[in-house]
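Contents: one structure, followed by commentary.
The values are calculated or read from the model by the stated rules, or taken from the named source; none is laboratory data. What you see is a predicted model; the values in this text were computed from it and never measured. Ideal geometry is used to build each Cβ from the backbone, glycine not excepted, and the neighbour counts take in all protein chains shown.
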Amino acid sequence: MAGNDFSGEQQEYLKGFMAGVEARRGSLAPAGGGQGGGAPPDAMRAAQDAAIAKGGKLTPEEKAKRDKHPLDRWDEVVARAEQGKFPHGVDNLLTRWHGLFYVGPTQDAFMCRLRIPGGFLSTHQLRGIAAIAEECGGGWTDVTTRNNLQIRMIPSAKGPEVIERLGDLGIIPKGTGADNIRNITCNPTSGIDPGELIDARPIVRALHHHILNTRDLFGLPRKFNISLDGGGRVAVLEDTNDIAFTAVKVGGEALFRLGLGGITGHRDFARGTDAVVPPGDVVKVCDAILRVFLANGDRTDRRKARLKYVLDAWGLPRFLEAVEAQLGAKLRRAEDATPAAPPLKHGHIGVHDQKQPGLQYIGVVLPVARITAERMRGLADVADRFGSGAIRLTVWQNLLISDVPRERMPEAQAAVAALGLGWEASHVRGGLVACTGNAGCKFAASDTKRHAAELADYLDARITVTKPINIHLTGCHNSCAQHYIGDIGLIGAKVERGEDEEVEGYDLHVGGGAGVERRIARLVRPKVAHDELNPMVLNLLRAWQEEAPELSFQDFT
Ligand code: SF4
C-alpha cells in the first residue's frame, strides 16, 4: 500500500467517518437528556452549590474554577506569556486546561501534553510535532502511557505558539491535565489486528470530539481516564481506567463490558459490572457516567475526588441506577460473555501480520520513550515509504508503523535500523516503563528514566530472561507509570544513608499485572537505595529462573 495512495486514504477516512456517525447515533437516549433531568447549564457550579449547601468547604482549586472557568482564561495565558512569565500555584493548575504545565523548579519551562485520541497520528502530524519540538521546545518528545506525546523545555513566551501550531495540525490539547478527561486510549492495532472484536477507532474519535465540544465536561472534580479495549495483541490496560470498556462476545454480538473506577495508584482496578454497551452507545454511556460523577464527586477534598470514592460510598448498583436515570434508558445487562483472546505480552514490539492479507506492522522500540525531532521525521519517512503513512502510539511508550507489505518489511526494518532504532528487545527491556522522573517532574523522588535504562543495561549484561516481564518505575504516588501493575514495580523513595545523607531509591514491589494477570503488586522491600537496586532485582530474577522457570514471574512471586 503506497503512502501516496490518496484515494485509498480517503476511502479509509470516509469509512471511519461513517463509523463515527454510527458511534454518535447509537440506540440510547440523547446525551444528558435522561430522567435525571439532564445537566443544568453550568453543571460544575451546580455541583459546587450542592457541596456548599451540605455544609462543605470548597477546595481552593474548586473556588478558582468557580471564580472564572479555566477555559475562559486563555487570554490570561497569552498575556502572561507575553510578559515572559510562568503561572504558579493555582494559576499553574488552571493553565493545564489548555494543555500547558509549568514544571518548575525541576525545569523552568512549560511541558505541553498533547491529545492524540487512541494514539493515531498521520506522518504530516508527526513531522509538524517534530518542528514544534525543535523550534519551541527541547527538540524531542516523550511517549506517555496514554498513547500520547509530551513536548518539554518550552519557554514561557512560546507556550501559546505551541498550542496554536498544534491546532494547525488538528491536535487540540484542551484538558490534558488537571481536573479533566485525559487522552482516550485504545488498542494501537485497532483495525489491523486479526484478533480484535471491535475496531475502536471511530468510537474513540467520536468520544474525543464529544468531550472537546462539551463544556460541562471540563468541570469535573478531578482527573478522569477512559480506555477501550477492542481485543487484539497489544494490551491497553483498560482496567486501570475510571471507565474501562472491554470487548466481549454476547451470543454472536460484539459488545463492550463496562468496568468502573480503576485507579491503580490507589490500588484499585476497574470494577466489573454486568452492563454491556453496544459500540454505538459508548459516547452516550460515557457522557452519562461523567455527568453523574460531575454532580456527585467530592469538591471539598481532592484526595477523595476520584470516581472510585463515589463508587466506594454508593456501591455499583446505586451508581448504575443513577447512570440509567441520566441516560433515560436501561443499560443492557449480560452475565455471560466470551472475552477476546488475551493480548500477547510484549506484543507491542516486533513484526506481526495484520488482518489485511499480505500486510504487517512493526513495533519500534523507543529507548526511555524519547524520540528526537530527527527520529520523528525519520520514522515519518519510513511510514510514508513503506506503509500507509500511519503512526500508532502505544500505552507501552513506543510506536507501531502499520500497513507494510510483507515483501517490503526487510527494507522498512533496515530504514528503522538506520535511525539507530530497533524492533526487538530482551524480555526485560521490552516491558520497561518509566515516568518522567526527577529530571522533569518536581514530584519525583528518583531519576526514573535514567535508572530504568541503567537497570536494563545491568540485567541484559548478566541474565537472559526466558519469559517477558514488565518493569514499571514511577517517581511518586501519582503513579503515572503504574508501578502496582508491574511484575516488578518500583516507586521512588528517598533513602537515608548515614546520619545526614539521603540518596535516591525505590520501594520494591513484585507480582503485579493487568487484564488476565490482574493483580496489585505487593511491597517486598521498602527504601532500596538506587545503587543496591540492580543486584537485588538480578537476584530475584535468578531465583525465579533457577527455582521455577516453568512458572510466570508473577506466579513465582
Ligand atoms: Fe511526576 Fe509522579 Fe507522574 Fe512520575 S509519577 S511523572 S514523578 S507525577
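For segment 399-423, the set of residues classified as in contact with a strand residue (DSSP E or B) (Cβ under 6 Å, 6 or more places away or on another chain) and under 19 Å from ALA456 (Cβ atoms) consists of LEU399, LEU421, GLY422, TRP423, listed by residue number. Answer yes or no: is there a residue in segment 421-429 that is more than 16 Å from the ligand (Cβ to nearest atom), in contact with a Phe, Trp or Tyr (Cβ under 8 Å, 6 or more places away or on another chain) and under 29 Å from PRO194 (Cβ atoms). There is no residue in segment 421-429 that is more than 16 Å from the ligand (Cβ to nearest atom), in contact with a Phe, Trp or Tyr (Cβ under 8 Å, 6 or more places away or on another chain) and under 29 Å from PRO194 (Cβ atoms). Applying the condition of being assigned to a helix (DSSP H, G or I) and away from the ligand (no atom under 12 Å from the Cβ) to segment 452-471 and asking which residue is surrounded by the most Cβ atoms within 10 Å (Cβ to Cβ) yields LEU455.
Mind checking whether some residue in segment 431-449 is assigned to a helix (DSSP H, G or I), in contact (Cβ under 8 Å) with a residue 12 or more places away in the chain and more than 16 Å from the ligand (Cβ to nearest atom)? Yes, that holds for at least one residue. When ASN539 is tested against (1) buried (at least 19 other Cβ atoms within 10 Å of the Cβ); (2) in a helix (DSSP H, G or I), only condition (1) is not met. In this structure, GLY347 does not qualify as touching a strand residue (DSSP E or B) at 6+ places or on another chain (Cβ under 7 Å) and not hydrophobic (A, V, I, L, M, F, W, C). For segment 274-290, a tally of residues being more than 22 Å from the chain's Cα centre (by Cα), closer than 20 Å to ALA200 by Cα and in a strand (DSSP E or B) returns 2.
On the stretch given as segment 489-516, residues that are surrounded by 22 or more Cβ atoms within 10 Å (Cβ to Cβ), more than 14 Å from CYS435 (Cα to Cα) and within 16 Å of the ligand (Cβ to nearest atom) total 4.
Of everything listed in (1) within 14 Å of the chain's Cα centre (by Cα); (2) at pLDDT below 95, the single unmet condition for ASN241 is (2). Note on segment 497-515: among residues that are touching a strand residue (DSSP E or B) at 6+ places or on another chain (Cβ under 6 Å), not in a loop (DSSP other than H, G, I, E, B) and not hydrophobic (A, V, I, L, M, F, W, C), the one that is farthest from VAL234 (Cα to Cα) is ARG497. Remark: pairs (first residue in segment 54-81, farther than 18 Å from ARG299 by Cβ; second residue of a type in the set (Val, Ile, Thr) and modelled with pLDDT of 95 or more; Cβ separation under 9 Å; 6+ apart in sequence or on different chains) = ARG73/THR95; TRP74/ILE163; GLU76/THR95; VAL77/THR95; VAL77/ILE163; ARG80/THR95. Remark: LEU523 falls outside the filter, which requires a residue to be part of a strand (DSSP E or B), closer than 19 Å to CYS435 by Cβ and touching a residue at least 40 places away in the same chain (Cβ under 8 Å).
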